[in-house]
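Below: one structure, written as structure tokens.
The values are calculated or read from the model by the stated rules, or taken from the named source; none is laboratory data. The structure presented is a predicted model; accordingly, all values stated were derived computationally and were not measured. Backbone-built Cβ (ideal geometry, glycine too); neighbour counts: all protein chains shown. The protein model used for the area step is the full one, side chains on, heavy atoms only, and it has no ligands, DNA or RNA in it. Shrake-Rupley method; radii C 1.70, N 1.55, O 1.52, S 1.80 Å.
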Amino acid sequence: MSRVTTTDKLKMLAMLDDAVKSYCEKYNVTAWPIAISIDIPNACIRTGVLSEEINDAHLILKENMIIELTSNANYKTKCDSKRIYMDDPYTVKKITPGTEISIRFGQIVLICTELIDSETIVCKVIRGGTMGSEAFVCIRGIKLERPPLLETDMELLMFARKFKVDIVTLNSIRYARTVKRTREFLKSEAYNPLIISTICEQEGLDNFDEILKASDAIILAREFLASNIVNKHQMIAIQLKLSAKCHQMGKPFFISGNILEDTMLKGVISNCDLNDITNAVLQGAGFVLKNYKDPTNLVKTINILDSVCRAVEPLSKTNDFWRLSNEFKIPVNAAEASILACALMAQQTQSLVVIIPTVTGRTAVHLSRVAPQAIILTVSTNPVIARQLQLYRGIVAIIYDNKPLSDWYDEMSARVQFAVRFGIKHDLLKYGCTYICLKKSTPTSSFCDNISLWKVVTEETEKHSKTEVIFRSPFEHRRSPIFVTLSNPNTTLVDIQKLMEAGINLIRFKMSHITKEDKIQLLAKVDKAAKMLSQKHGTSDWPVATAVELKTCIMKTGILQNQQEYLHLKEGATVTLTCDVEDYNACTNQYIFVDNPYLTTDVNVDTEISIDQDEIILQCKMVLNEKSMKCIVTKSGKLGNLCQVCIRGGQHTQPYVTQKDLRIVQFAMEYQVDMIIVNYSRHADSIKKIKEFIGCKIKKPILIAGICTREGLENIDGLIRESDGIMLSREYLAYELTGALSYKMNQIQKFVGAKCLKVGKPFYISGGIFRQALTNGKLCDHDVSDVTNAVLDGVVGFVLRECDNADTLLYVVNSLSDLCRSVEPLVNVRSEFWRMLEELKIPTNAAEAAALACVALANHTNAGAIILPTVSGRTAKSLLWIRPNCVVITVSNKTSTIRLLSTYRCVVSLMYNDTPHTNWSIEMERRTNFALEHAVKKGWLRFKDIYIILQKYSDVSSFCDVIKVSSVNIYKKTMVECDDYEAI
């Protein structure tokens with residue numbers, strides 16, 4: 001355009017408009033999207049105009065001729081065989097003797113032999129040829145000093161802005177700031193052209209990364225670069241490198257120079273040209289054709305290029321998707337995640353067409369990067385966008401100018417059908433072929449978040465399946481449940497309320513310490529505290545679960561004689577252990593009652609006996625009779641009331657479940673206790689027996705197997721299979737194992753945790769959790785390190801022992817909550833997800849597949865939350881098995897469900913009490929909005945954050961089969977702040 005007058009430019013634009021209108025009428029279409037590009041010379045160097053004394057249009061320079069090159073403007077129109085003008089006075093000063101100078105891209109080659117002054121040099125012609133006016137000049141190995149964007153360049157940019165040219169091509173780009181300056185000059189609300197940077201010299205190569213980031217596309221001007229760089233034999237390597245960088249950034253890459261030059265000039269083609277364009281196509285390059293004389297030859301060249309591209313493109317690699325997806329920085333945003341999911345679906349279903357209704361074209365541009373094998377049909381009402389999209393590989397832009405429909409959803413369907421008809425008409429789609437539709441799910445969506453797989457049925461389409469996807473970034477609230485233990489029936493309602501407000505998830509009752517009336521009283525206090533907190537904070541319910549534990553074969557000492565608080569046992573003293581109930585209230589220094597009727601059977605001579613977690617250690621020396629044995633104190637200490645007793649390496653012969661245990665189970669069912677902890681679970685038969693006793697009740701408590709013995713460890717697989725979760729009771733197990741194994745508790749914890757993680761069962765630990773803090777109210781490094789390692793090992797939750805001081809217990813709960821919040825963000829769960837995915841048996845059922853898809857999307861984008869309307873809570877449990885990287889907000893109208901779900905990691909369970917709507921879709925939307933508003937009020941989700949909805953498609957669906965993508969479109973409302981769910 002720099003060699004054409006403004007009048008000629010306008011004439012060319014008018015001719016192009018006439019041609020477009022003519023073809024629209026000929027082919028009965030509304031628009032013909034051909035983009036218009038304007039070239040900006042920038043730092044390109046040209047010769048002057050031939051002297052009027054030369055009759056021919058060309059100047060002949062013969063080999064060995066001596067000629068001057070000058071930047072003196074007086075010779076701008078006086079170029080002849082003695083002196084040639086060069087329009088770059090800045091670079092001439094840098095030329096030194098021996099520098100190679102080429103004219104017309106190597107048609108004429110000169111060597112500088114002498115410097116006359118700062119404007120003129122003397123050269124020798126080493127390759128003769130012909131040149132016309134304003135021929136391009138290249139100087140090998142010299143850094144160009146010409147300033148970017150001179151006055152003539154700015155005039156061309158003003159012309160482009162005035163007439164809204166689609167693409168601006170900047171030649172000889174050396175710095176990214178030139179591109180940025182051009183973009184700032186051109187950009188306006190009504191005009192935003194694509195900017196292509198042309199790499200013509202070494203300086204552009206050196207700054208290529210910055211130039212690539214600032215540009216919309218790159219042209220490798222091989223005709224310039226081969227004559228400017230020092231080593232022209234590196235051109236193939238440079239082309240491969242630049243192509244790879246553009247492909248990695250998702251930017252179009254074009255090549256110019258020597259593209260079927262002989263065909264355009266002479267109408268013939270060579271094998272060398274075919275090899276060149278074949279390799280370029282395989283590299284994903286586009287082509288810029290130049291220097292044609294005969295339009296017939298140009299059309300012939302275009303047809304040849306079209307034919308070669310059609311033949312070669314199917315041979316291109318199609319496995320780039322996995323490489324590109326791995327190169328995406330995690331977390332990707334929701335729009336990128338939707339595009340990745342679309343590309344994956346297109347690849348897995350072998351769909352060759354993706355239809356995208358678009359406004360700006362950004363989604364199509366990104367998709368063209370990750371799905372190079374797909375044909376992307378974009379439907380847009382903006383001709384400018386359609387023309388600009390022609391720049392990108394694989395995109396076919398369609399202009400839609402039908403009258404818009406009033407209903408947005410009908411309008412989107414009409415645009416998709418328009419694209420389908422276009423695809424069928426042009427043989428892009430055929431009957432029975434599948435294709436993907438990527439569009440917005442609602443008019444307010446800010447990106448394409450709805451992915452659908454369709455099938456062509458003649459002129460109509462049939463929906464094959466529906467997947468709607470979403471994503472977002474993570475919470476750093478506590479996700480590990482905290483269980484507290486209450487054994488004092490005199491615990492006040494206020495203390496229970498404070499603990500629940502601090503964020504505890506479950507209250508465990510020590511059933512063996514209190515009467516049935518005390519148990520009922522404590523349960524009533526918990527219910528009353530929940531109601532008071534619900535009223536205080538304006539919620540429907542306060543989901544804190546309750547649990548009872550079965551004694552099974554737990555052993556404890558009796559009551560000290562004369563109501564003593566404790567007595568001291570000295571090392572070396574002789575003590576008689578007895579199971580005679582007559583001695584229950586008469587424990588002394590000589591006689592200690594142990595409530596195990598099988599005591600003399602379970603304990604062998606020389607067996608070590610631990611009392612109160614090694615506070616006192618005894619060694620059996622002799623069995624006196626069927627109810628008593630003689631022991632020696634090997635470690636002195638204080639003996640209190642009802643201290644636990646463990647036998648190192650002993651074999652427990654008591655029944656798996658006693659009648660007293662079954663009475664506790666009956667109590668749990670009668671008063672709707674949520675969890676039963678089965679201590680000293682030694683075999684899966686113990687869990688089976690409890691299940692048989694419970695029967696087919698509608699509301700069943702969950703069964704947690706407590707691992708307390710070596711026998712339980714040996715049968716861990718069966719216990720995990722039969723139970724709902726595992727609790728590693730370190731307060732018992734560490735003192736039941738023999739000396740060698742007792743020092744491997746850390747390895748055992750990891751072992752059991754890995755077993756539970758593999759099958760998706762929750763794994764809790766008890767014993768030693770903030771033990772010192774519960775005793776004296778002071779944290780120690782050992783406790784902090786223990787909890788930190790447990791979180792990193794995948795422990796789901798923590799069980800705190802009983803504490804008589806309510807303030808100390810509240811302090812411990814808050815400290816444990818803070819510690820979990822700080823450690824949990826460091827847990828890398830994505831690697832666990834992919835590991836579990838690889839271990840999963842194929843094929844999975846539909847419910848598992850939906851849960852896997854939901855968590856995959858959530859983890860890949862760090863989604864802020866998964867909202868899950870639920871009835872039984874089974875879907876939430878399956879999600880937790882896959883371990884999403886965000887919280888799961890469940891909404892249910894069943895109290896038992898939300899209380900049970902509160903014991904699971906990462907779950908926030910909400911009670912929904914509104915009257916159900918008769919329309920299923922509306923009811924699901926109301927429940928989702930209820931959860932969303934709650935999350936926004938609590939600050940877990942913020943405006944424009946992404947979250948996932950997993951729900952049933954209809955009320956007859958048997959599982960959650962719809963995944964929706966949404967972003968938060970509401971702000972936090974004024975409310976009373978509280979810490980009710982600070983435990984997330």
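Give the aspartates and glutamates reachable from Lys660 as a straight Cα distance under 12 Å; neighbours fewer than 8 places away on the same chain don't count.
Reachable aspartates and glutamates: Glu549.
Probe radius 1.4 Å, ligands and nucleic acids ignored: give me the carbon and sulfur share of the accessible area of the chain as a rounded percent.
51
To the nearest 0.05, what FRET efficiency results for Asn279 and Asn913 with a Förster distance of 60 Å applied to their C-beta separation?
0.30
Through the Karplus equation 6.51 cos²θ - 1.76 cosθ + 1.60, θ set to phi - 60°, convert the phi angles of the range 81-95 into ³J(HN,Hα) values in whole Hz; use x for Gly and Pro.
6, 9, 8, 10, 7, 10, 7, 9, x, 7, 7, 4, 5, 8, 6
Extension gain Thr96-Lys455, at 0.36 nm per residue separation less the Cα-Cα distance, in nm?
On the way: separation 359, 0.36 × 359 = 129.24 nm, distance 6.75 nm.
Extending this stretch completely gives an extra 122.5 nm.
If you average the C-alpha positions of the range 152-201 and of the range 692-727 separately, how far apart do those two centres end up, in angstrom?
70
Could you do me a favour and compute the accessible area per residue for the range 325-448, 1.4 Å probe, result in Å²?
45
Tell me the label-point distance for the pair Val581, Thr130, using the 7 Å Cα-to-Cβ offset, in nm and rounded to one decimal.
If labels sit at Val581 and Thr130, their model points lie 12.3 nm apart.
With 30 Å as the limit, write out which pairs from Lys528/Lys952; Lys124/Lys245; Lys551/Lys627; Lys403/Lys430; Lys245/Lys300 have Cα-Cα distances beyond it, or answer none.
Over 30 Å apart, Cα to Cα: Lys528/Lys952; Lys124/Lys245; Lys245/Lys300.
Counting only other residues whose beta carbon sits under 14 Å from that of Asp276, what net charge do I get with K and R as +1, D and E as -1?
Values: positive: Arg222; negative: Glu223, Glu261, Asp262, Asp273.
Result for the local shell: -3.
Note the full-extension length gain between Thr738 and Asp717 as 0.36 nm times their separation in residues minus their Cα-Cα distance, in nm to one decimal.
Answer, rounded to one decimal: 5.4 nm.
Within straight cross-link reach of Lys755, meaning Cα distance under 24 Å, which lysines are found once same-chain residues fewer than 8 apart are removed?
The reachable lysines, counting only those whose Cα sits under 24 Å from Lys755, are Lys688, Lys689, Lys691, Lys744, Lys841, Lys877.
What whole-number value in Å² describes the accessible area per residue of the range 555-648 for a 1.4 Å probe?
Ligands and nucleic acids excluded, the result is 49 Å² per residue.
At 0.36 nm per residue, minus the direct Cα-Cα distance, what do Leu265 and Ser446 gain on full extension? Give it in nm, one decimal, please.
Values: separation 181, 0.36 × 181 = 65.16 nm, distance 4.94 nm.
Net length gain for the segment: 60.2 nm.
For the pair Ser406/Asp294, report the inter-label distance in nm, with labels modelled 7 Å from Cα in the Cβ direction.
So the two model labels end up 6.1 nm from each other.
With helices defined as uninterrupted DSSP H runs, which ones in the chain have an alpha carbon span along their own long axis of at least 20 Å and mean Kyte-Doolittle hydropathy of at least 1.0?
Qualifying helices: 846-861.
Once you put a point 7 Å from the Cα of Thr7 and another 7 Å from the Cα of Asn333, both along the Cβ direction, what distance in nm separates them?
4.9
Round to a whole angstrom and tell me the spacing of the C-alpha centers of the range 70-91 and the range 903-978.
Each part's Cα centre sits 74 Å from the other's.
If you scale each eigenvalue of the Cα gyration tensor by 5 and take the root, what three semi-axes come out for the range 557-627, rounded to whole angstrom and sorted largest first?
Gyration-tensor ellipsoid for the range 557-627: 18, 15, 10 Å.
Which FRET efficiency value, to the nearest 0.05, do you get for Asn382 and Ser81 by plugging their Cβ-Cβ distance into 1/(1 + (r/R0)^6) with R0 = 41 Å?
That gives a FRET efficiency of 0.15.
Hey, with R₀ at 45 Å, roughly what FRET efficiency would Thr653 and Lys531 work out to, going by the Cβ-Cβ distance, to 0.05?
With a Förster radius of 45 Å, E is 0.45.
For Cα Rg over 2.2 N^0.38 Å, one of (1) 1.26; (2) 1.14; (3) 1.32 was computed from the structure I shared and the rest are decoys. Which label?
Among (1) 1.26; (2) 1.14; (3) 1.32, the one derived from this structure is (3).
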